[in-house]
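Peer 1: What follows is a structure written as structure tokens; I'll ask about it next.
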Amino acid sequence: MVAGMSGAWAAEPAAKARAGNPIFPGWYADPEAAVFDKTYWIYPTSSLPYAQQTDFDAFSSPDLVTWTRHPGVLKKDAVSWAREAMWAPAVVENRGRYYFFFAANDIKSDAEVGGIGVAVADAPAGPYRDLIGKPLIGEFHNGAQPIDQFVFKDDDGTWYMIYGGWKHANIVRLKDDFTGVRPMDDGTVFKEITPAPEYVEGPLMFKRDGKYYFLWSEGGWTGPDYAVAYAIGDSPLGPFKRIGKILQQDPKIGTGAGHNSIFRGQDDTWYIVYHRHPLGDHDGNHRQVAIDRMVFDAQGHILPVKMTNEGVAPHPLR
Ligand code: FUB
């Protein structure tokens, strides 16, 4: 007899059938999706007043349904030049270490200290420490505010970073150790790839069937019209032509849906991870993280995303 059981075996707790949206409690935004060692990770912005945006939490899951919170994986104390407004992580593994790119201080001009930084740790949950002791990109180029970085490795091993607020997007090549940027073949260091006049911020890129998909956010993040649009190109350097919006508010589910990232599961199953405002809530910082399916048609176009309250079914990685 096992303590707490009388007679029959106690039933196993029922597995959670669906994630439910939002996928975890709390005000969080700008979710970065990553997979490390068959575990899903989400690194969001803490959606608080700027002065309180001084810590990042992370969340991990074996199946997209059950999430564990890892508090304070990167803290302002670990970055000497960061003051506030620490935003929009991009996290990658490189040669066995984990690199956490972030923006800090919401700089409005080159006279201010801040911009895009990079921190490093030996495990996905940190603790992360500033890598170079100063911003990686601390000034405006081509009109792009240095925020909202996204980092990806192309098939040839080149690491790229796409970034930019204030309606401009740039792409840079990163040095392999992430301590700086390096010129493109034509000598350009900061190449503008703003895909359309509607572009605002939150760029993301991935490759599928040889094509480069460029996603970004349009509208204002505090309001209901924030949305995600995309383009397809043959090179990460462009050119890109806007195809259309794939994610936007749904009066039955939520508003201000944007600043997304992507999980790719097995068998060409794709998920979009994004933030949204609860219905009827007009506080711009009240943003919550949700996951829904992202589906392609036979021509490789992304179908409009159907936002849900139920979220997605379990999808453990093999
Ligand atoms: O969360 C702060 C800012 O809001 C991000 O940098 C933008 O992309 C927007 O989501």
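Peer 1: Using mean Cβ contacts within 10 Å as the protection proxy, how do 298-305, 144-151 order, highest first?
Peer 2: So the order, starting with the most tightly packed, is 144-151, 298-305.
Peer 1: Let me ask something else. Divide the volume of the convex hull of the Cα atoms of segment 101-146 by its number of residues and quote the answer in cubic angstrom per residue.
Peer 2: 73
Peer 1: For the chain, what is the accessible area per residue in Å², given a 1.4 Å probe and the full set of protein chains?
Peer 2: I get 43 Å² per residue for this part.
Peer 1: Give the distance, in whole Å, between the Cα centre of segment 43-87 and the Cα centre of segment 189-210.
Peer 2: Taking the Cα centre of segment 189-210 as reference, the centre of segment 43-87 is 25 Å away.
Peer 1: Right, another one. Could you work out what % of the accessible surface of the chain is carbon and sulfur, using a 1.4 angstrom probe and leaving DNA, RNA and ligands out of the count?
Peer 2: Carbon-and-sulfur percentage of accessible area, whole number: 51.
Peer 1: For Lys245, give me every one of the lysines with a C-alpha distance below 28 angstrom, ignoring sequence neighbours fewer than eight places off in its own chain.
Peer 2: Lys153, Lys167, Lys191, Lys207, Lys211, Lys306
Peer 1: Taking a temperature of 20 °C and a viscosity of 1.002 mPa s, what whole-number D in µm²/s does Stokes-Einstein yield for segment 162-318 with Rh from Kirkwood over alpha carbon pairs?
Peer 2: 129
Peer 1: Once phi is turned into θ = phi - 60°, what whole-Hz ³J(HN,Hα) does the Karplus curve with 6.51, -1.76 and 1.60 give for every residue of segment 211-216, x standing for Gly and Pro?
Peer 2: Karplus-based 3J(HN,Hα) across segment 211-216 equals 10, 9, 9, 10, 10, 7 Hz.
Peer 1: I've got another one for you. So what are the ³J(HN,Hα) numbers for segment 296-309, from phi and the Karplus equation (6.51, -1.76, 1.60; θ = phi - 60°), rounded to whole Hz, Gly and Pro as x?
Peer 2: 9, 8, 5, 8, x, 7, 8, 6, x, 7, 9, 5, 9, 8
Peer 1: Here's something else I'd like to know. Given points 7 Å out from each Cα along the Cα-Cβ axis, report the Glu112 to His282 separation in nanometres with one decimal.
Peer 2: It works out to 2.7 nm between the two label points.
Peer 1: Report Rg(Cα)/(2.2 N^0.38 Å) for the chain, keeping two decimals.
Peer 2: Its radius of gyration relative to the 2.2 N^0.38 Å reference: 1.00.
The values are calculated or read from the model by the stated rules, or taken from the named source; none is laboratory data. On a predicted model such as this, the values are computed, not experimentally measured, just so you know. Neighbour counts are summed over all protein chains in view; Cβ atoms, including those assigned to glycine, are modelled from backbone coordinates with ideal geometry. Quick note on the areas: whole protein, heavy atoms, side chains included, nothing else; ligands and nucleic acids left out. Shrake-Rupley method; radii C 1.70, N 1.55, O 1.52, S 1.80 Å.
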